[in-house]
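Novice: The structure is given below, and queries will be raised subsequently.
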Amino acid sequence: MSDATEASGTAGAAEAAGAGRPDDGGAGGRHVRVVLVDDHRMFRTGVQAEIGQTAVTGVEVVGEAADVDQAVTVITATRPEVVLLDVHLPGGGGVEVLRRCAPLMADAERPVRFLALSVSDAAEDVIGVIRGGARGYVTKTITGADLVDSIFRVQEGDAVFSPRLAGFVLDAFASTDAPPVDEDLDRLTQREREVLRLIARGYAYKEIAKQLFISVKTVESHVSAVLRKLQLSNRHELTRWATARRLV
């Protein structure tokens, strides 16, 4: 089954079951409906296995998505209380999901809240999704129990961050100055940054084209533009550059 079929099927099942049913058990009687958004199927499966035993954790996974368009479709259909959102997604990234789901976040009666769950601890990623409306940001090193606790805290309206990121986020938003800007990275467009990250992760051009729904020729054009703007010679230098900035 393709990710797209899986996403729409999960959304449809949840919608048919009733998006707004009352709490029905879980840990201490707590219950929260969650959508998982991550472009790695195996990671989604692992998270589902870790937190999705509703009778034990109180967390009900009502939908999954692997890219921006799927995410918006599933979130709109299921109206979960919390979305676990990866930062790097095909189609525009987590920030684009937040932008397109802004009306759902602003709903006073049934707000959809977002918790970023990412391998990245890069400043631009953290600040980007928090400014986009996410209620927290935790890294993928988090334990299952702590993730469940974070989900419920976000459901209740709290802001949640991995300990190492909390001080950084507070400093960044308490300052009247804008957060530090990487001038080199700032030269790149959003699409060029997506291609950069996938190149740095070791993806082949064909794989990148499939991930981003673009042609191989377009991928090549973006890579050439990135190399030119960053004054690098090849993808090996580009990978070292991205790794040094924790963009991978």
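Novice: Given the conditions (1) free of Cβ contacts under 8 Å to residues at least 24 places away in the same chain; (2) under 17 Å from Arg44 (Cα atoms), which single one is not true for Pro103?
Specialist: So Pro103 meets the others, but not (2).
Novice: Let me ask another. So which helices (runs of 4 or more DSSP H) are wholly in segment 41-131 and hold at least 3 residues that are surrounded by fewer than 19 Cβ atoms within 10 Å (Cβ to Cβ) and out of contact with any Asp or Glu (no Cβ under 7 Å at 6 or more places or on another chain)? Give the derivation first.
Specialist: Numbers: elements: 41-51, 54-57, 68-78, 93-100, 102-105.
The helices (runs of 4 or more DSSP H) meeting that bar are 41-51, 93-100, 102-105.
Novice: Kindly provide the set of residues from segment 132-147 that are surrounded by fewer than 18 Cβ atoms within 10 Å (Cβ to Cβ) and either closer than 12 Å to Val87 by Cβ or in contact (Cβ under 8 Å) with a residue 60 or more places away in the chain (or both), ordered by number.
Specialist: Thr139, Lys140, Gly144
Novice: Now for a different question. Report the residue count in segment 228-248 for those that are at pLDDT 80 or above and either among the hydroxyl-bearing types (Ser, Thr, Tyr) or in a helix (DSSP H, G or I) (or both).
Specialist: 12
Condition check ((1) in contact with a His (Cβ under 8 Å, 6 or more places away or on another chain); (2) over 20 Å from Asp121 (Cα atoms); (3) buried (at least 16 other Cβ atoms within 10 Å of the Cβ); (4) not acidic (Asp, Glu)) across all residues:
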position: Val195; (1), (2), (3), (4): yes, no, yes, yes
position: Glu207; (1), (2), (3), (4): no, yes, no, no
position: Val216; (1), (2), (3), (4): no, yes, no, yes
position: Ser224; (1), (2), (3), (4): no, yes, no, yes
position: Leu227; (1), (2), (3), (4): no, yes, yes, yes
position: Leu232; (1), (2), (3), (4): no, yes, yes, yes
position: Arg240; (1), (2), (3), (4): no, no, no, yes
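Novice: Tell me, which residue of segment 26-58 that is among the aliphatic types (A, V, I, L, M) and in contact (Cβ under 8 Å) with a residue 40 or more places away in the chain is farthest from Ser150 (Cα to Cα)?
Specialist: As a first pass, look at segment 26-58 and keep what is among the aliphatic types (A, V, I, L, M): 27, 32, 34-37, 42, 47, 49, 51, 55-56.
After this cut, where a residue has to be in contact (Cβ under 8 Å) with a residue 40 or more places away in the chain as well, the list is 27, 32, 34-37, 47, 51.
Details: Ala27: 14, Val32: 11, Val34: 12, Val35: 14, Leu36: 14, Val37: 16, Val47: 14, Ile51: 11 Å.
If we take residues in segment 26-58 being among the aliphatic types (A, V, I, L, M) and in contact (Cβ under 8 Å) with a residue 40 or more places away in the chain, then Val37 is farthest from Ser150 (Cα to Cα).
Novice: Would you confirm, using the coordinates I've provided, whether Val154 is at pLDDT 90 or above, in a strand (DSSP E or B) and of a type outside the set (Lys, Arg)? Before the answer, list the steps.
Specialist: Values: at pLDDT 90 or above: yes; in a strand (DSSP E or B): no; of a type outside the set (Lys, Arg): yes.
So Val154 fails the test.
The values are calculated or read from the model by the stated rules, or taken from the named source; none is laboratory data. The structure presented is a predicted model; accordingly, all values stated were derived computationally and were not measured. Virtual Cβ from ideal backbone geometry, glycine too; neighbours counted across all protein chains shown.
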